[in-house]
Structure formats: C-alpha cells, structure tokens
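Notes follow the structure.
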Amino acid sequence: MKRLFLTVMAVLSMTMTFAEDENLNTTNNMQAYNMEVNYNKLGEALDLTSDQLEAVKDVHQMFCTNMMSAAAASEESREAMMKNAIKMDLRYMRSILNYKQYKHYLLLLNTTLVNRGLR
C-alpha cells in the first residue's frame, strides 16, 4: 500500500511539473511576441518629427496587435501571420519614414526579432 501511494505521488508530481513547464513556455511565447516600445525613445532614435511620430505610433500599435494575434494562433499558422504582420508594418513604415530613418528602423526591428528568438 505504501509503494502504491508513493508511486501515485511520484506520477502526480511529474504531471504537475510538466504542466507548469507548459504554462511557462506559453507565457514566454506571448512575451516574445509583445512588441510594445517606448515611442519617445523610438522617436529620438529615428529622429522623427511630431507628425511622423503620431503616424508611427498608429502603425506600430497595429503591428503589436497583429503580432499578439500571431502569438495566440496555432503553431501551423503562427509563422505566416507573423510574416504578414512584419510585411504590413514595413510597407506602412516605408511610406512614413525617409530612407535613413527606414534603414535604422529595419535594423532595430530585425535586432528585436532576433533577440526574442522570432527569426
């Protein structure tokens, strides 16, 4: 009886450990897709005018929403949704920013994606 109890406790402990790891991975995954930034710092880094900053805020907030949707999507469609979100973001940013600003934005975005393990 004692062995049976110990075996059941061991199985339950292992199950709880695996479930905890799964929840932790889901949380880390959602954090990786969270692309919120400090817009004032971004404006300084890109040397944006006030009009550009407002437009960049709107576009980037849409990008953040699309990335969080990708994070919540199934594994099969996540990659396609993420690529589509990035493509839309870059298309809109290209129309807002000049060449030098856009080049710097590409560098910042690519570095962010690589650091978060999304590329």
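Structural remarks
- Of residues in segment 80-119 being charged (D, E, K, R), in contact with a helix residue (DSSP H, G or I) (Cβ under 8 Å, 6 or more places away or on another chain) and part of a helix (DSSP H, G or I), the one farthest from Asn66 (Cα to Cα): Arg94
Here's the yes/no breakdown for (1) over 24 Å from Met30 (Cβ atoms); (2) free of Cβ contacts under 8 Å to residues at least 24 places away in the same chain:
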site: Leu42; (1), (2): no, no
site: Asp51; (1), (2): yes, yes
site: His60; (1), (2): no, no
site: Phe63; (1), (2): no, no
site: Ser69; (1), (2): no, yes
site: Ala73; (1), (2): no, yes
site: Ser95; (1), (2): yes, yes
site: Leu108; (1), (2): no, no
site: Gly117; (1), (2): no, no
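- Glu44 modelled with pLDDT of 90 or more and surrounded by fewer than 14 Cβ atoms within 10 Å (Cβ to Cβ): yes
- Of all the listed residues (Met93, Met82, Met68, Met62), the sole one being buried (at least 19 other Cβ atoms within 10 Å of the Cβ) and under 17 Å from the mean Cα position of the chain (by Cα) is Met82.
The values are calculated or read from the model by the stated rules, or taken from the named source; none is laboratory data. Everything numeric in this text was worked out from a predicted model, so none of it was measured. Please note: Cβ atoms are built from the backbone with ideal geometry, for glycine as well, and neighbour counts cover all protein chains shown.
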